[in-house]
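The values are calculated or read from the model by the stated rules, or taken from the named source; none is laboratory data. Keep in mind that what you see is a predicted model, and the values were worked out from it rather than measured. Every residue, glycine as well, gets a Cβ built from its backbone with ideal geometry; the counts of neighbours run over all protein chains shown. Just so you know, the surface numbers come from the protein's heavy atoms only, side chains and all, with ligands and any DNA or RNA stripped out. Shrake-Rupley method; radii C 1.70, N 1.55, O 1.52, S 1.80 Å.
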Amino acid sequence: MTGARSGASAGLTRVPGLLYGGDYNADQWPEQVWAEDARLMREAGVTLATVGVFAWARLQPAPDSWDFGWLDRLLDLLHAHGVAVDLATATASPPAWLVRAHPELRPVTADGVRLEFGSRQHYCPSSAVYRAAATRLTRALAERYRDHPALALWHIHNEYGDHVTECFCAESATDFRRWLTERYEDVETLNQAWGTAFWSQRYGCFEEIEPPRTAPGPGNPTQLLDWRRFCSDALLACHRAERAVLEEICPQVPVTTNFMSMFKALDYWEWARHEDFVSDDAYPDPADPRAHVTAAMTYDLMRSLKDGRPWLLMEQAPSAVSWRPVNLPKRPGLQRLWSLQALARGADGILFFQWRASVAGAEKFHSAMLPHRGTASRGWRETVRFGAELRRLVELAGSRLRGQAAVVLDWDSWWALELDEHPSARMRWPDLLRPWYAALYERGVTIDFVRPGAPLDGYRAVLAPNLYLLTEESAHWLTRYVHGGGTLVCGPFSGISDRDDHVHAGGHPGPLRPLLGVVVDEHWPIPDGASTTVRLASGEIRATLWSEWLETEGAQALAHYASGDLAGRPAVTRNVHGAGAAWYVGCHLGADIAAVLDLALAPTAIAPAFPLPLPPGVEATRRHAEDGTTYLCLLNHGPDTVRLTLDATGTDLLTGTAVAGRLTLGPLDAAVVRLHPTEDRA
Ligand code: GAL
């Protein structure tokens, strides 16, 4: 049974309101320090501490020796200070004794290098020894702490796939063959699916198959695609094994594992089914002036992964991280603003990595809620201030956003798109998605992500920036949507291949051809640094990376190439189906996609979260509570003070002041306005 305990509007865990806290690596500190930590947590308003994430070696110093005394005392202490515990199963960093006894559990790279102990995540996901040891530890923890009053949440493992997403050892090979046998049942079916007639790659039996280790030249695309699917599943099997133990022993406590935003290696649609709620680790780069747009995109994904239910920001840096080449701190106010942004996009808790700054280890220069300088630091003041502000927002807990447009995200398609030997190696899913998302973000339109086949009722538009891999069923799904009156906007290099990554023969975009009313004769990638002009009725825009020799078959061309080899040929088309419309954008337009989306979405009457125009840098969302209350969240990411005109009245929960007609937001400032009921017109 998965996800059965999630979604209570009362909150993510039994801790009421919005969660606040962070990773507390108490095992790095002498116990004398703990008392100060607990006192300071209370001072900062911390309600949840993630404990024991990397404590395996401390908890189990030898195969049959356990040391729980320190954790008993820690949980008691935190509980006595009103801090609930997100207890980690501690399985992301196997101890040295286990690795030395079973050196074969270390992961092997595609080049055959076995990774050494001395960092973390040094295990093979398919290792039976690792899985047995991890579930044994999980069981020991669950049995000991199942009834501890501090326990509010189980934190399985940590960031599955961080550092190691795949292992090419002999045991992984066996597991891969087992996975393939389940998928294909007989090797001839696999030969068909993998197209092994090519380059004499035919297999006589499953035993002849190996993982796609480094080979002389390009690998078999379907083997590589299946390998991606398998690797996501192998890690998920580790997670499910731990989850099963927790469900058996401690079914009353919710379970989560921290996702890593938009992470290619794991199919989070599948993973989310096994979480009670989604939690995410987000590390936007303070050096990137557009970081908040990417962050908004990933927060929308996190919310969407479990049907819009509130999620938890499990980790973010209070200021600088330590793992970029140059690690910029967050200037004053940025940590607050970015935390409020997660809340504005549906989070019900703000946690950090980490509580107290380490003085040893690879992360000793990573910022913390309690920095090296201690309570005299700016960081500490921000920690305390934000804890107090969160308490003013408590009523947001459980409220939800409503996406008006849906963006299709399919991990299968992402994996297949980015395989080698394509017309252009520049077609990377996040790069294709980002400008489409940014165009909607800048117009204040809230989107949800959906996977192929998901219900689309209520969405005024569906956007597919790329669907390279597209099954017949998914094409029917989109067709039904458009025939039902919906607007679809589909990006280039879509409808190319089927589930096995075989090309839909007969002309691209394969099964979408009748719906879109176009056929692609040939792909025409644009060289690095070059661009092509595209002429729309409203003016000229530019394509980079990608264009296509496109011919219409019923669709109307709304933009043409105005320069280059394709000059005069259609670039953007629309095929009308009754009240519905299917748009095709045959080139990569970067930020200029905004001009096309404006045209395509104009008839859909999508209402932004805030009446246009939003000043540059201002982000707006609305959270709706079950009782009908609406919260308008406004965030100013820009460097200037902005004055907004509101056609509503309400109360800014952050300041407690009444808002009527006008609202001024300084740089990096925000407002969370509880709207007066009659004033919510969205
Ligand atoms: C995360 C990880 C944490 C810590 C943090 C530093 O990816 O889960 O344990 O390493 O990064 O930014």
| Assuming E472 fulfils every condition listed in (1) surrounded by 17 or more Cβ atoms within 10 Å (Cβ to Cβ); (2) over 30 Å from T13 (Cβ atoms); (3) more than 20 Å from the chain's Cα centre (by Cα) apart from one, which condition is it? | (1)
| Within the bounds of the stretch 75-89, is there any residue that is out of contact with any strand residue (DSSP E or B) (no Cβ under 8 Å at 6 or more places or on another chain), open to solvent by less than 10 Å² (accessible area, probe 1.4 Å) and not acidic (D, E)? | no
| field | Residue tally, condition open to solvent by 20 Å² or more (accessible area, probe 1.4 Å) and not polar (S, T, N, Q), over the stretch 478-500 | value | 8
| note | Among the residues of the stretch 328-351, the number that are assigned to a strand (DSSP E or B) and more than 15 Å from the ligand (Cβ to nearest atom) is 4
| said: On the basis of being hydroxyl-bearing (S, T, Y) and under 28 Å from T621 (Cα atoms), does S339 make the cut? | reply: yes
| task | From the list A571, A582, A562, A537, pick out the single residue that is hydrophobic (A, V, I, L, M, F, W, C), in the same structural domain as G444 (by TED's automatic domain parsing) and closer than 22 Å to Y459 by Cβ. | result | A582
| request: Among the residues of the stretch 652-673, write down those that are surrounded by 15 or more Cβ atoms within 10 Å (Cβ to Cβ) and either free of Cβ contacts under 8 Å to residues at least 24 places away in the same chain or assigned to a loop (DSSP other than H, G, I, E, B) (or both). | output: D652, L653, L654, V659, P667, L668, D669
| query | Going by the structure shown, is A317 away from the ligand (no atom under 16 Å from the Cβ), buried (at least 24 other Cβ atoms within 10 Å of the Cβ) and either under 25 Å from T47 (Cβ atoms) or modelled with pLDDT of 95 or more (or both)? | reply | no
| If you scan the stretch 221-263, which residues turn out to be over 20 Å from W179 (Cα atoms) and within 17 Å of the chain's Cα centre (by Cα)? | T256, T257, N258, F259, M260, S261, M262, F263
| Filtering the stretch 545-568 down to residues that are touching a Ser or Thr at 6+ places or on another chain (Cβ under 8 Å) and under 17 Å from S494 (Cα atoms), which residue is most open to solvent (accessible area, probe 1.4 Å)? | T552
| request: Among the candidates L328, L301, L334, single out the residue that is closer than 25 Å to T165 by Cα and not assigned by TED's automatic domain parsing to the domain that holds L433. | output: L301
| said: So in the stretch 262-307, with the set limited to residues that are among the basic types (K, R) and closer than 21 Å to Q341 by Cβ, which one is surrounded by the fewest Cβ atoms within 10 Å (Cβ to Cβ)? | reply: R290
| query | Going by the structure shown, is V53 of a type in the set (A, V, I, L, M), more than 16 Å from the ligand (Cβ to nearest atom) and either under 30 Å from the mean Cα position of the chain (by Cα) or in a strand (DSSP E or B) (or both)? | reply | no
| said: Here is a list: S304, S322. Which entry is polar (S, T, N, Q) and within 13 Å of the ligand (Cβ to nearest atom)? | reply: S322
| query | So, in the stretch 423-434, of the ones that are open to solvent by 20 Å² or more (accessible area, probe 1.4 Å) and not basic (K, R), which residue ends up nearest to A296 (Cα to Cα)? | reply | P430
| field | Candidate set: the stretch 165-190, residues that are in a helix (DSSP H, G or I) and open to solvent by less than 10 Å² (accessible area, probe 1.4 Å); chosen: the one farthest from T257 (Cα to Cα) | value | L190
| On the given criteria, is T532 open to solvent by less than 30 Å² (accessible area, probe 1.4 Å), over 20 Å from S413 (Cβ atoms) and either at pLDDT 95 or above or among the aromatic types (F, W, Y) (or both)? | yes
| remark: Per the list (1) open to solvent by less than 20 Å² (accessible area, probe 1.4 Å); (2) closer than 21 Å to A150 by Cα, residue check on F259 breaks on (2)
| Under the condition of being of a type in the set (F, W, Y) and not in a loop (DSSP other than H, G, I, E, B), which residue from the stretch 352-399 is surrounded by the most Cβ atoms within 10 Å (Cβ to Cβ)? | F352
